[in-house]
Every structure is written in C-alpha cells, then in structure tokens.
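Report on the following structure.
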Amino acid sequence: MLQHARVVATADLSDVRFIALPVVVREDGAAIAASVPTASGALHVPHELSAEWCAAHSLSAPGTSAVVGGVDGQSFLLISIGDSYTNVDAFRRYGAAGARLAGNSSVAFFVPTEAVDDLGTAAHAIVEGALLASYDYKATGAAGEVLVVATGLPLPTITAHEAVVAGVHRGVVIANATNWAKRLVDAPPNVMTPKDLAKAISAEIEGLPHVSVDVWTESRIKEENLGAVIAVGSGSGEPSRVVIANYEPPNATAHIALVGKGITFDSGGLNIKPLASMVEMKCDMTGAAVVAGVLSVVAQLGLPVRVTVVAPLVENLLGDKAIKPGSVVTARSGTTIEIANPDAEGRLILADGIQLALEREPDVIIDIATLTGAMSTALGDQCAGFFASNTELRDRVLAASETSGEAFWPMPLFQPYLKNIASDVADIKNMGKFGGGGGAIAAALFLEHFVQGAPWVHLDIAGPAMQGSASGYLTKGASAWGLRTLVAMLSAVATETKS
C-alpha cells in the first residue's frame, strides 16, 4: 500500500522498475509530450503513436494503459490521460493505473510542465489517484513510494517545480486521510464499536495544530439531554459516544460545522433488517469517519477556516431496552419525535448533532450520512445526493464535486412532503409514508426542522459509500465518499478568506 510521495529528477530513476508516461490519445493517434524521456537503456518508445498501435494495445479512455518492458527489468507504463492535459480526473486515473500496474513497488510519474497549465492540481491528482488506488485494508505498512518527475523544455522553471512539490504534498495529505477513513469503515463492527471509533478519531487528530478534541461518555450524553442519541443506543450493550472536535486557527474568518452520522452497526433495531441489507451495515458510520478525516486534512494543510466536528457514535441493536415503534423521545433542542421507524435512526442522532453544532454558532452547517436507501435507489453507487438551503451553497457543493471527482446531484427540499412527517403525538416523526416514496426527501425535511433556518447542506452518501468492486482510483469496500469534496469546499472558502 502506497503512503508516501516525493518529487525527484529523471536521473534518480535508474533503479525504479515502473515508469509511467502520460499519453494524450485522440482519434488519429497518440502523443507523449516532447520533454518526457521515452528511452531508458534498451527501453524505447516513440513520442508519436499511431491510431492502429493504440487500438491494438487498448489505449483509449483515461486510465487505459499499455506496458512496454525492457531487457533491464524496467517497464514503461503508457497511460492515457484522454485527449488533452486539462482533465483533472484523468490525472487521477493516470496515477491509479500506474499504482495498480506497479503493485506494491515504487512507481514514477512524469509531468510535462510545458504542456500542463495547472501543475499543482495535476501533481495533486496523480498522487491522490495512486495512493487511493493502492489502499488495501489488510496491508498495514507502507510499501513503495510514488515518485513525481517534472520535466520541461529545456528544464522546469523554479515556479513550476514549486507548484509540483506543493501539489504532491497536498495529494499525500488528502489521500492518506481518505484511506484512513476507509480503514475505519472497513473495520469489522465488533472491533469498531462507538468507544473504539471515538478512540481512533481522537488518536488521529489530537496533537494536530490548533485542534482540540472532547469525547462525551454516556453519562455526559445523558447530562446534556441528547435524547435522540440515547434512544438509538438504548438497544445496545455498547456505550454510545459523542466526539466534538475543533480546529481553530488564529487567522480564521469563516466557521464551518461538520456533523457526521456514526452508527457503527445498524441492525435496524426492532425494525430488523434482512441479512442481505444488514451485512454491510458496519459502513453506517462513514459520515463520522469522513468529517474527522476532513478536519485532519484542514489542520495538516493549515487552512484559515475554523472547523467544528460533531460525531454522535452509536450502535443500533435490538436489546430488551431498544426503542419501540410509536415511542416519543425528546431531542436536545426540545423537539419531541415520534419513532415511527427504529431503522430511521441516523436522522435521530443527526438531530442532536445538528443542535450541538448550532450552539457553536457556525456560518454554515454541513451534515453527511449514509442516510437513506431511497437515495441509493435513486442515484446508484457512483453518485451521492445532496440538499442545500440556498443556491449559493448548492453551487459550492457542485463546484467542489467537480474538483474532487466525487459525483453529487442536487435534490429538492420539497415542502409539500412535510405532511408526511407530521405526527399526531409529537412535534415530528422520523419517517415519511410507508411505501410512499420520497424517502430521501422526507429525511432531509426532518433534518431541516432542526437546522432552524441556518445555512445548511445535507449530503446523503448511502449509494457510493461502499463499492462492490475496484474501478479507477476507487477500491472495493469503503470509499469515504464526500471527504475530498468537503476538503475542496473548505479549500475554496480558505482561498476567499486569504483574498
């Protein structure tokens, strides 16, 4: 598993077995930039490749590849980046393909500075793609490393070199945080209980610059009147936890609160899930892992944005004290909630989490959760849905999604569906119509009630949180979907702050 990357010179590659070359592929053939060396010992490929050669070697869409081996053991990995040097996601696929072809060995990637406009972004994407694709839950240590070689005509400028170095650093930080979050999600639920997850989060972010962490035990949760969290955890013998973490740099002018759903295992409670639906429910704490990973990245990069993380961590089981359908509980906000469905538990703990975030007076609240099967049904496993309280926040999410390569689709806060979460015995109930459709919207409208008019975004990542197979830079299992999008969103805010 690759965890490290650095910038090196062409002369440093004599002992590197795998050398990746970016290839621009068009209908009439392919080309390798003039500054990229295409000869090493007995190994040689031309800078221009015919369309016939590309077709014979299946070199076409970004990430497709052809391997040319040399007698001295080195191999050139010819990897398509599409028809230009402008597609950021194609550079991620360039990195991913190189890492997969190299296995656990070191792999070098050329970046032609004369051809690429945004060198920092390209270098970041290459490293990110390589490290993400190399993730392996069973591998605990580092193997080889990613080597990035900037070339130019005649040489890269100092400015170009510095941009590549900065991009490599950023790619390492973000990819390693993403892989850390993926490892938490992939961990078996018997070893990643609420208590274990709280310890793992604290260990990762405590000690980072300007970061403080507070973990609430069950006694504190009860003292703080988190009635919804208490209700969900009542059926489990594992004690619940709430993690509240803050990153407070001295130069911050914006304050963003991130609330992550942390159901470490979801049996469905007394509305027990069938086995086929339950087997992957260790992933129901993805939101909590993601927001912790985002805070780690922001702190390591030193972004001038204050970030508050709230992560309620709970097991939803069906012990003799499990919450019963029809029960009414009181959330921290004072809102009474009718529990129409014990398997709609994520929105319950988010309600208390959002209230804790509100009390810290952020400029924006963003929650992220594997919340509804309805969203997964609507958008599948390659796209997440989101709801935003205003068009500015909607556009920010879409821009960040474009930057990260994680697809998000805007959904409507359709107010006529409010009637579906009205209760005869409480202020609100925790699900919409049985079998009536619109489940993702009902869940979002439920959360909107607790936001109390604050600027807010709800990210429902139920579909893509777990991947059934590896593809590109996505690995089988946990994806930590949304982490890189939130980092991109906060980075944009940081850029505005600096300006």
*Can residue 344 be described as within 17 Å of residue 263 (Cβ to Cβ), under 17 Å from the mean Cα position of the chain (by Cα) and buried (at least 19 other Cβ atoms within 10 Å of the Cβ)?*
no
Filtering region 476-494 down to residues that are farther than 18 Å from residue 173 by Cα and out of contact with any helix residue (DSSP H, G or I) (no Cβ under 6 Å at 6 or more places or on another chain) yields 476, 493
Within region 384-430, residues being in contact with a helix residue (DSSP H, G or I) (Cβ under 8 Å, 6 or more places away or on another chain) and either within 25 Å of residue 93 (Cα to Cα) or basic (Lys, Arg) (or both) number 15
Among residues of region 129-155 being more than 21 Å from the chain's Cα centre (by Cα) and farther than 16 Å from residue 6 by Cα, the residue modelled with the lowest pLDDT is 141
- prompt: Regarding residue 417, is this residue touching a Lys or Arg at 6+ places or on another chain (Cβ under 7 Å) and either crowded, with 22+ Cβ neighbours inside 10 Å or assigned by TED's automatic domain parsing to the domain that holds residue 289 (or both)?
  reply: no
If you go through 354, 349, 339, 323, the only one that is touching a residue at least 24 places away in the same chain (Cβ under 8 Å), touching an Asp or Glu at 6+ places or on another chain (Cβ under 8 Å), closer than 29 Å to residue 424 by Cβ and buried (at least 21 other Cβ atoms within 10 Å of the Cβ) is 354
Per the list (1) closer than 24 Å to residue 222 by Cα; (2) charged (D, E, K, R); (3) outside any strand (DSSP E or B), residue check on residue 367 breaks on (3)
If you go through 151, 140, 159, the only one that is closer than 18 Å to residue 13 by Cα and among the polar types (S, T, N, Q) is 151
Being assigned by TED's automatic domain parsing to the domain that holds residue 308 and among the aliphatic types (A, V, I, L, M) narrows 163, 228 down to just 228
Going through region 123-137 in order, the residues found to be within 20 Å of residue 13 (Cβ to Cβ) and hydrophobic (A, V, I, L, M, F, W, C) are 123, 126, 127, 130, 131
Per the list (1) farther than 18 Å from residue 373 by Cα; (2) in a strand (DSSP E or B), residue check on residue 323 breaks on (2)
Across (1) part of a loop (DSSP other than H, G, I, E, B); (2) surrounded by fewer than 22 Cβ atoms within 10 Å (Cβ to Cβ), residue 392 clears everything bar (1)
Expected single match for in contact with a Leu (Cβ under 8 Å, 6 or more places away or on another chain) and either buried (at least 17 other Cβ atoms within 10 Å of the Cβ) or free of Cβ contacts under 8 Å to residues at least 12 places away in the same chain (or both) among 422, 444, 426 is 444
Matching residues in region 328-380 (of a type in the set (Asp, Glu) and either touching a helix residue (DSSP H, G or I) at 6+ places or on another chain (Cβ under 6 Å) or under 18 Å from residue 457 (Cβ atoms) (or both)) number 5
When you scan region 53-71, do you find a residue that is surrounded by fewer than 18 Cβ atoms within 10 Å (Cβ to Cβ) and of a type in the set (Ser, Thr, Tyr), even just one?
yes
If we keep only residues of region 263-280 that are of a type in the set (A, V, I, L, M) and within 27 Å of the chain's Cα centre (by Cα), then the residue modelled with the highest pLDDT is 263
Considering only helices (runs of 4 or more DSSP H) wholly within region 32-138, the ones with at least 3 residues that are under 16 Å from residue 19 (Cα atoms) are 88-102, 119-133
### Task
Might you check whether a residue that is outside the structural domain of residue 125 (by TED's automatic domain parsing), under 22 Å from the mean Cα position of the chain (by Cα) and closer than 23 Å to residue 448 by Cα occurs anywhere in region 318-335?
no
Residue pairs qualifying under the 7 Å Cβ cut-off, at least six apart or on distinct chains, with the first in region 284-309 being in the same structural domain as residue 198 (by TED's automatic domain parsing) and more than 19 Å from residue 467 (Cβ to Cβ) and the second being in a strand (DSSP E or B) and among the polar types (S, T, N, Q), are 308/246
Going through region 457-488 in order, the residues found to be in a helix (DSSP H, G or I) and surrounded by fewer than 24 Cβ atoms within 10 Å (Cβ to Cβ) are 488
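The values are calculated or read from the model by the stated rules, or taken from the named source; none is laboratory data. Remember, predicted model here, so these are calculated numbers, not experimental data. Here Cβ is always computed from backbone atoms with ideal geometry, including for glycine, and neighbour counts include all displayed protein chains.
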